[in-house]
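Here the structure comes first, spelled out in structure tokens, and everything after it is commentary.
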Amino acid sequence: MAKTTFSCSACGASHSRWSGRCDACGEWNTITQDVPLSAGPAKKSLGGKRGQSITLTDLSTEETPPPRTLCGVEELDRVLGGGLVPASALLVGGDPGIGKSTLLLQAAARFSRAGVKTIYVSGEEASAQVRMRARRLGLEDAPVQLAAETNLRNILTTLEAEKPGLAIIDSIQTMWADNVDSAPGSVSQVRAAAHELTTFAKRHGVSIIMVGHVTKEGQIAGPRVVEHMVDTVLYFEGERGHQFRILRAVKNRFGPADEIGVFEMTGKGLAQVTNPSALFLSERGAPSPGSAVFAGIEGTRPVLVELQALVAPSPHSQPRRTVVGWDSGRLAMILAVLEARCGVPFAGLDVYLNVAGGLKVSEPAADLAVAAALLSAREDTALPADTVVFGEISLSGALRPAPQTENRLKEAQKLGFKSAIAPAGGKTGTVAGLTLTRPSDLVGFVGETFGAG
Ligand code: TYD
Ligand code: MG
């Protein structure tokens, strides 16, 4: 049971017993019993002890927006929401070996050259290894300060003394807080380290970028709460065999989420790709069955990608459904709609779907392009050359227009496409030199594109 406390409403002095007169200020009848701050079991609640009251402001209070620093790599600055925000905490997740350390070392060099004092702390590699990588990337003369350390107390002490503008912690799973008993990389260590670093960033005005490893399921290893703590979560994605890498903002308190930056892994580190559509389509050969070009939107920018499908008689009693770069549930839905509304069965057939170039597409607008690739593979008929496809398919078989139709068409036209298939409705504007086919439902689309189906 928490002790009952009393306080004087005139001077605020606290007393253990009630009395008629406050012996601190001499006022009469000012002593009242303190009500607990919170309800709940006495031991577990905040009890009666008061804290300090905080200053409140209104919504119209003017505050100058924090000055952001641009690093000069457009693809990175855009994903950050227009540069690095001071005193922010960021988490960069990705598979091992995908290029996180490379990206952040290059970013560190850029920011340090842009005048931000930058410290790079590696918990995984020795300083000599990081230096070797810097030399390979041609960054050895960048004014970045290095340390190889995992002890969080030592790191925070150093950051406090050095007062950098940006600190990079590679990686959060190697950090070790000595007040937590468990081993580095465990849930409680990761949570403690992320919490300490995030609050340190806010209190000392340092931007902190933490690297986080990703589990097999594709999530940052450690508790989900880490993603809630930080201001910005970026994922670095890509197929190890491909040279393309995509940096995707999945959460950003200072900019749009879903923005992507596209990079290419070269012998001299990561190079930005300013025209991703051209890159994603560069490996495309002559029109062939099972291929459809989807005009997508990633973040604020249109991106064209090739979808590839393969449909083959299945030797298994349970036909295979394999998807790379798209949602497998969504594929099952499209197959069901094609079967139920258009009478195109896929029973007894293995279905493979692949997004070329290692991009992950999550837009529902890819539905129609997926359907086009599947039908084209099944019918063994190539789609008309130089055609882009997009639009959402509903369960009824109706087609819904996709947002930003005009931007998609403009991008297609810019890359030399001659025609587009997009649902009726939706603002198209005038895009010169592009022939539009506008089916209103899936049955109409199948009829128009593949004859009677
Ligand atoms: P790295 O940044 O160490 O990955 P992570 O920190 O995410 O584990 O990158 C590792 C891969 O990148 C490695 O397989 C080699 C390749 N790489 C290049 O192709 N070119 C380069 O210039 C560098 C530095 C790395
Ligand atoms: Mg690394």
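The values are calculated or read from the model by the stated rules, or taken from the named source; none is laboratory data. Predicted model, so just to flag it, every value in this text is computed and none were measured. Here Cβ is always computed from backbone atoms with ideal geometry, including for glycine, and neighbour counts include all displayed protein chains. Each accessible area value is taken on the protein alone, full model and side chains, heavy atoms only, with ligands, DNA and RNA left out. Shrake-Rupley method; radii C 1.70, N 1.55, O 1.52, S 1.80 Å.
May I ask you to verify whether LYS117 is basic (Lys, Arg), on the phi < 0 side of the Ramachandran plot and either away from ligand 2 (no atom under 16 Å from the Cβ) or touching a helix residue (DSSP H, G or I) at 6+ places or on another chain (Cβ under 8 Å) (or both)? In short, yes.
When residues in region 324-348 are screened for being surrounded by fewer than 18 Cβ atoms within 10 Å (Cβ to Cβ), among the hydrophobic types (A, V, I, L, M, F, W, C) and within 19 Å of PRO289 (Cβ to Cβ), 1 of them pass. Give the residue, chosen from GLY51, GLY72, GLY26, GLY82, that is farther than 27 Å from PRO256 by Cβ, part of a loop (DSSP other than H, G, I, E, B), open to solvent by less than 60 Å² (accessible area, probe 1.4 Å) and more than 16 Å from ligand 1 (Cβ to nearest atom). Matching residue, one of GLY51, GLY72, GLY26, GLY82: GLY26. Restricted to region 284-310, and to residues there that are of a type outside the set (Val, Ile, Thr) and assigned to a loop (DSSP other than H, G, I, E, B), the residue that is nearest to LEU368 (Cα to Cα) is GLY290.
Counting only residues that are part of a strand (DSSP E or B) and under 25 Å from SER396 (Cα atoms), region 311-335 holds 4 of them. Annotation note: Cβ proximity below 7 Å between a residue of region 127-156 that is farther than 19 Å from ILE169 by Cβ and a residue that is assigned to a loop (DSSP other than H, G, I, E, B) (sequence gap 6+ or interchain) occurs for LEU137/LYS268; GLY138/LYS268.
Looking at this structure, is SER127 in contact with an Asp or Glu (Cβ under 6 Å, 6 or more places away or on another chain), within 16 Å of ligand 1 (Cβ to nearest atom) and either hydrophobic (A, V, I, L, M, F, W, C) or open to solvent by less than 70 Å² (accessible area, probe 1.4 Å) (or both)? So SER127 does not fit the description; no.
Checking GLU217, GLU237, GLU298, GLU264 one by one, the residue that is free of Cβ contacts under 8 Å to residues at least 40 places away in the same chain and buried (at least 16 other Cβ atoms within 10 Å of the Cβ) is GLU264 and no other.
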